[in-house]
Amino acid sequence: MIASGESTVAPAYFLRRLLMTRLNSLALVERCTDKLIMKDFLAEADIPMTAYTPAKKSLDLKRVSKELKLPLVLKDRKNSGGRGTIVSSNLEEIEKNLSADRLLEKYVNAPEASVESFIHDRKILFTNMTQYFKKGEVNIVPANFKKAEINRILELNAKVLEALKIKWGVTHLEVYRSKIGPLFGEIALRPPGGYIMDLISLSYGFNAWEAFLDLEMGLAPQVKRPNDLYSAAVLLHPGEGTLLKITGWEKVLANSAVVKHRLKVKEGERIGPRKAVSEEVGHISLRASFHPALIDAVSAVEESLKFSIRKDNQ
Ligand SMILES: Nc1ncnc2c1ncn2[C@@H]1O[C@H](COP(=O)(O)OP(=O)(O)OP(=O)(O)O)[C@@H](O)[C@H]1O
Ligand SMILES: [Mg+2]
């Protein structure tokens, strides 16, 4: 019983308890799946993060909005993929959506990154840093940030894992690369989405999914570093509407940096709104020996691929 996605972390815990298999503590599962419990616990452990407050109905929103400033971020305590997250300066809209199941955060205006850790026997065997090159659209592995920034982010990651006392598994920690230093976003006790596991496999030359299964079974996986390749995943979603035409797909396939591709829609089909990051209509994985070459290949793919969409009201 192994959880590979956010919605299965808590159910897998309860099923494992029934099956009497190796278990994390319920406290750890809650700290990694409920953003409010997570932040309360990690704030106590001096982890830097943006200001937040429980979003209960009785909240004095006028006072809180003065403290946290606008826009505010209202999000579900338990959810993923950005589902249900509202970023708004409209206090009426926020007020309407206040709920004990949500929290309110100060908006952070900074690029983002994530750290994936492979943990065995309480030790971090391997970490990867992912650059959210275009949030929700392009992920790059590994991030090519300056050494000093990488070290600060890795220190933050190690401090979070230490505070949570994670014994095994793959974790996915998100950070905001703020000017004053990395700010903790959230941590998940499961592999990342956004094809990051595939990118780890492509860049480092070991199968990240196999390594994940090894960790879950209590085995030490073969993980390699340092990496010698860069890889990127381009997640496709042209917006809601009817897909009239796709052009440039052959050009994408002819690009020598493209190593994997999948298109899940056909011309004439209706594409729904992207309610979560995972609701893409296809993706393209690319690999290159150098970061600039990878960026060039990503741009070439983006420039050649065109989706023509008819919006519902047109
Ligand atoms: N306080 C904030 N300031 C700025 N942006 C935010 C904030 N909170 C959330 N976001 C934006 O929304 C995204 C999703 O938020 P968050 O990670 O909290 O929710 P999630 O549902 O777990 O999403 P995911 O599963 O994609 O990580 C963040 O990666 C970020 O881009
Ligand atoms: Mg997140």
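The values are calculated or read from the model by the stated rules, or taken from the named source; none is laboratory data. Computed from a prediction, not measured in an experiment: that's the story for all the values here. Here the Cβ is made from the backbone with ideal geometry for all residues, glycine too, and neighbour counts use every protein chain on show. Protein only, heavy atoms only, side chains kept; ligands, DNA and RNA dropped before computing areas. Shrake-Rupley method; radii C 1.70, N 1.55, O 1.52, S 1.80 Å.
Values for this structure:
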{"read-out": "Members of segment 38-83 that are of a type outside the set (D, E), without any contact (Cβ under 8 Å) to a residue 12 or more places away in the chain and within 22 Å of A188 (Cβ to Cβ)", "value": "A43"}
{"read-out": "Segment 81-105 - residue that is open to solvent by less than 30 Å² (accessible area, probe 1.4 Å) and in a strand (DSSP E or B) and, of those, nearest to ligand 1 (Cβ to nearest atom)", "value": "E105"}
{"read-out": "Within segment 164-262, strands (runs of 3 or more DSSP E) holding 2 or more residues that are touching a residue at least 60 places away in the same chain (Cβ under 8 Å) and surrounded by fewer than 14 Cβ atoms within 10 Å (Cβ to Cβ)", "value": "241-247"}
{"read-out": "Yes/no for V160 being within 16 Å of ligand 2 (Cβ to nearest atom), buried (at least 17 other Cβ atoms within 10 Å of the Cβ), over 29 Å from V259 (Cα atoms) and hydrophobic (A, V, I, L, M, F, W, C)", "value": "yes"}
{"read-out": "Per-region count, segment 283-294, residues touching a residue at least 24 places away in the same chain (Cβ under 8 Å) and part of a helix (DSSP H, G or I)", "value": "3"}
{"read-out": "Residue match in segment 137-152 (condition: modelled with pLDDT of 95 or more, within 30 Å of T21 (Cα to Cα) and assigned by TED's automatic domain parsing to the domain that holds D34)", "value": "no"}
{"read-out": "Index of the failed condition, V108 passing every other in (1) in contact (Cβ under 8 Å) with a residue 40 or more places away in the chain; (2) part of a loop (DSSP other than H, G, I, E, B); (3) open to solvent by 30 Å² or more (accessible area, probe 1.4 Å); (4) within 15 Å of ligand 1 (Cβ to nearest atom)", "value": "(3)"}
{"read-out": "Long-range neighbours under 8 Å by Cβ, at least six apart or interchain, first residue in contact (Cβ under 8 Å) with a residue 40 or more places away in the chain within segment 18-36, second acidic (D, E)", "value": "T33/E6; K35/D76; K35/E186"}
{"read-out": "Matching residues, segment 111-134, being within 16 Å of ligand 1 (Cβ to nearest atom), without any contact (Cβ under 8 Å) to a residue 24 or more places away in the chain and surrounded by fewer than 19 Cβ atoms within 10 Å (Cβ to Cβ)", "value": "K134"}
{"read-out": "Test: residue in segment 73-80 that is open to solvent by less than 20 Å² (accessible area, probe 1.4 Å) and more than 16 Å from ligand 2 (Cβ to nearest atom)", "value": "no"}
{"read-out": "Sole residue being free of Cβ contacts under 8 Å to residues at least 12 places away in the same chain, of a type outside the set (V, I, T) and more than 15 Å from ligand 2 (Cβ to nearest atom), chosen from A148, A143, A100", "value": "A148"}
{"read-out": "Residue that is farthest from L235 (Cα to Cα), among those in segment 279-314 that are buried (at least 16 other Cβ atoms within 10 Å of the Cβ) and small (G, A, S)", "value": "A288"}
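Residues are listed down the side, and each one gets a yes or a no for (1) within 16 Å of ligand 2 (Cβ to nearest atom); (2) modelled with pLDDT of 95 or more; (3) among the aliphatic types (A, V, I, L, M); (4) within 30 Å of T50 (Cβ to Cβ):
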{"site": "A188", "(1), (2), (3), (4)": "yes, yes, yes, yes"}
{"site": "I196", "(1), (2), (3), (4)": "yes, yes, yes, yes"}
{"site": "L199", "(1), (2), (3), (4)": "no, yes, yes, yes"}
{"site": "E210", "(1), (2), (3), (4)": "no, yes, no, no"}
{"site": "A220", "(1), (2), (3), (4)": "no, yes, yes, no"}
{"site": "K224", "(1), (2), (3), (4)": "no, no, no, no"}
{"site": "D228", "(1), (2), (3), (4)": "no, no, no, no"}
{"site": "L244", "(1), (2), (3), (4)": "no, yes, yes, no"}
{"site": "V259", "(1), (2), (3), (4)": "no, yes, yes, no"}
